[in-house]
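Please read the structure below before turning to the comments.
None of the figures in this text is laboratory data; all of them are computed from the coordinates on show. Because the structure is a prediction, the values reported are computed rather than measured. Every residue, glycine as well, gets a Cβ built from its backbone with ideal geometry; the counts of neighbours run over all protein chains shown.
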Amino acid sequence: MKHQTLEQINAVADVHAEAPDLIASRGQRLERWAQLLERNPDLRLTALAGTEYASPDVRERMRTDGSAISVAFADTVFRAHGLRDDTYGEARRFFEMSDWQLHEVVCHCHVGANMPARWAASRVRAAISPGAGILAWLRAVFMH
């Protein structure tokens, strides 16, 4: 997918003016990402391998087709508001996450080569309110 400006998207789609208000804050962007992941909770997402071991330069460029970050990048609202690609570094910037928080969402060391989207959604929600991490995980495990 390529990045398009809001004007370019407006030329081919009905873009709603209230969309900026829906993702104005970090928490709103993370919540939207979790909701996008939950649209297909059993979807198997590809994990990134070894994010914690990669050098900062390599980690910034890490990506894989079918990742949780790819789900976010497929969203036209996120792209219209500046999500430029589906790399680890761009997700960290756009969602204002620490390396540790993003590692918790996308790294293979927690789940192996792939993970259900509902698991990734629970990890995204844990980043919204760091103290609620275990609660988000329990919700994902027992509610789905």
Original post:
Which order, highest average first, do 85-92, 72-79, 24-31 follow once you tally other Cβ atoms within 10 Å for each residue and take the mean per peptide?
Top reply: 85-92, 72-79, 24-31
**OP:** Pop out the ³J(HN,Hα) list for segment 88-100 in order, Karplus 6.51 cos²θ - 1.76 cosθ + 1.60 with θ = phi - 60°, rounded to Hz; leave Gly and Pro as x.
**Re:** 4, x, 5, 5, 4, 5, 5, 8, 6, 10, 6, 4, 4
**OP:** Determine, from the Cβ-Cβ distance of Glu52 and Thr76 and an R0 of 22 Å, the FRET efficiency 1/(1 + (r/R0)^6), rounded to the nearest 0.05.
**Re:** 0.10
